[in-house]
Amino acid sequence: MDGPVVTTDEVNPIKPVLGTKEISLLKLPQEFSEYNFEWKVAKGYLDIKWTESGCLVSICCTPRRLPACTVSLPGTPQNSAVEESMTAPSSIVTLLLLVSSGAGTAYGETDPTSQTVTVKVPTDKRKVDVTFHLDTNPVVRWGINFAVTVGVFKVEDDGEGHMGNIYMPATRSYDPAGRTGDPHASERIGDSCSCAQTFITAVELVAVRNGVDGDGLAKIQKAFRPLIDRYHGRSGLFEYMFRQIVSVSLEKSQNEVPYGAFLKSLPAEPKSDANEHTRLYMTSYDAGNPTPPLHFFRKVVAKESAPAFAKVLAQKESSLEEGHFPTFIVATIIALVVSILVMNHFTDPETQGAA
């Protein structure tokens, strides 16, 4: 049974932060949808490119029977439209994603490199029945400090409306699937990982908004996977964000997907120091009070020595030293005692005789 949603800052008072790149990227699902009139008669490409620093350059599309159109975010240079779009099949739009990871040092490498992702997926605007609303007010859900809530409204086949939420992390967010000591993918999400995942999520939301189905979305996800594995290592977060988009935007039964529930659906990993914080988090999640372990708060302080963060860590450590056990530990102890009493009840000879 999944634990309840925790929304108080007391559990995780660390505020995530959105950088300027992430804020620009979050405009993708909304700003591009404003140009839907172009796709009514269009057969083209959505061309998304990054500069070497990993920043979005522009969105370009070449619709059929209409002048070439270029949509750029404020302050960014425009790109030429893609001429290949004229060969797209009738009534089908193709999304062409050309993405560079930006300069970065990959696992096992010493020099900064970049990597390009290219993928084409068919879309059908007639199938679009999903709209998104982005709220950038931080929220704590399941003990995790998310930076963005994507409100999803979907019209079902029977005409009924379906609402749900997708939660996006950012810099300083806790990642239960992170690995202690990993140079890229620790318990605390950093700037580079935040920007990369925000971009991928934004692109996949654009794809859904433009009629890409589950198979097409999986193709986009597969194309991005080598980039995540090489530069960031956050495969758990990468798959969790994908699961949220598919479950909430395309499927009918999910209103939201708890990170803990997603982790429970994965094969168990061998115990190690790298995932000890994950086990502690999942223990608290199963007990109904999901709470980030000290590993996360210590990593936050190690990366940013702000007095406010140091105070939070001191309070967390003090509560343990003084014997003020977290609720999930108390709940676990109570559950253990109850199970022992029940076991003794059924093994007691007098009880069995009375039965």
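The values are calculated or read from the model by the stated rules, or taken from the named source; none is laboratory data. None of these values were measured; they are calculated from a predicted model. Here Cβ is always computed from backbone atoms with ideal geometry, including for glycine, and neighbour counts include all displayed protein chains. What goes into the accessible areas is simple: the full protein's heavy atoms, side chains included, and nothing from ligands, DNA or RNA. Shrake-Rupley method; radii C 1.70, N 1.55, O 1.52, S 1.80 Å.
All conditions but one from (1) of a type in the set (Gly, Ala, Ser); (2) open to solvent by 10 Å² or more (accessible area, probe 1.4 Å); (3) part of a loop (DSSP other than H, G, I, E, B); (4) without any contact (Cβ under 8 Å) to a residue 60 or more places away in the chain apply to residue 177; the one that does not is (4). Looking across 242, 296, 309, one residue alone is open to solvent by less than 10 Å² (accessible area, probe 1.4 Å) and hydrophobic (A, V, I, L, M, F, W, C). It is 296. Of everything in region 162-172, what is within 16 Å of residue 23 (Cα to Cα) and under 11 Å from the mean Cα position of the chain (by Cα)? Give them in sequence order. Within region 162-172, 167, 168, 169, 170 meet the criteria. State whether the residues of region 154-171 include one that is in contact with a helix residue (DSSP H, G or I) (Cβ under 6 Å, 6 or more places away or on another chain), aromatic (Phe, Trp, Tyr) and in contact (Cβ under 8 Å) with a residue 60 or more places away in the chain. No - not one qualifying residue is present in region 154-171. Considering only residues of region 283-293 that are open to solvent by 30 Å² or more (accessible area, probe 1.4 Å) and not in a loop (DSSP other than H, G, I, E, B), which is nearest to residue 178 (Cα to Cα)? The qualifying residue nearest to residue 178 (Cα to Cα) is 283. Residues that are touching a Ser or Thr at 6+ places or on another chain (Cβ under 9 Å), modelled with pLDDT of 90 or more and of a type in the set (Ser, Thr, Tyr), at least 1 per element: which strands (runs of 3 or more DSSP E) completely within region 118-158 meet that? It comes to 148-155. Across region 185-201, not a single residue is classified as modelled with pLDDT of 95 or more, part of a loop (DSSP other than H, G, I, E, B) and basic (Lys, Arg). Test each condition in (1) touching a strand residue (DSSP E or B) at 6+ places or on another chain (Cβ under 7 Å); (2) among the acidic types (Asp, Glu); (3) in a helix (DSSP H, G or I) for residue 276 and report the one that comes out false. Unmet condition: (1). Residue 216 meets each of the listed conditions (1) within 16 Å of residue 187 (Cα to Cα); (2) in contact with a Pro (Cβ under 8 Å, 6 or more places away or on another chain) apart from (1). A single entry from 211, 216, 260 fulfils the requirement of being open to solvent by less than 20 Å² (accessible area, probe 1.4 Å), touching a helix residue (DSSP H, G or I) at 6+ places or on another chain (Cβ under 9 Å) and not in a helix (DSSP H, G or I): 211.
With respect to residue 276, is the statement that it is closer than 19 Å to residue 177 by Cα, touching a His at 6+ places or on another chain (Cβ under 8 Å) and surrounded by fewer than 20 Cβ atoms within 10 Å (Cβ to Cβ) true? Spelling it out, residue 276 is indeed closer than 19 Å to residue 177 by Cα, touching a His at 6+ places or on another chain (Cβ under 8 Å) and surrounded by fewer than 20 Cβ atoms within 10 Å (Cβ to Cβ).
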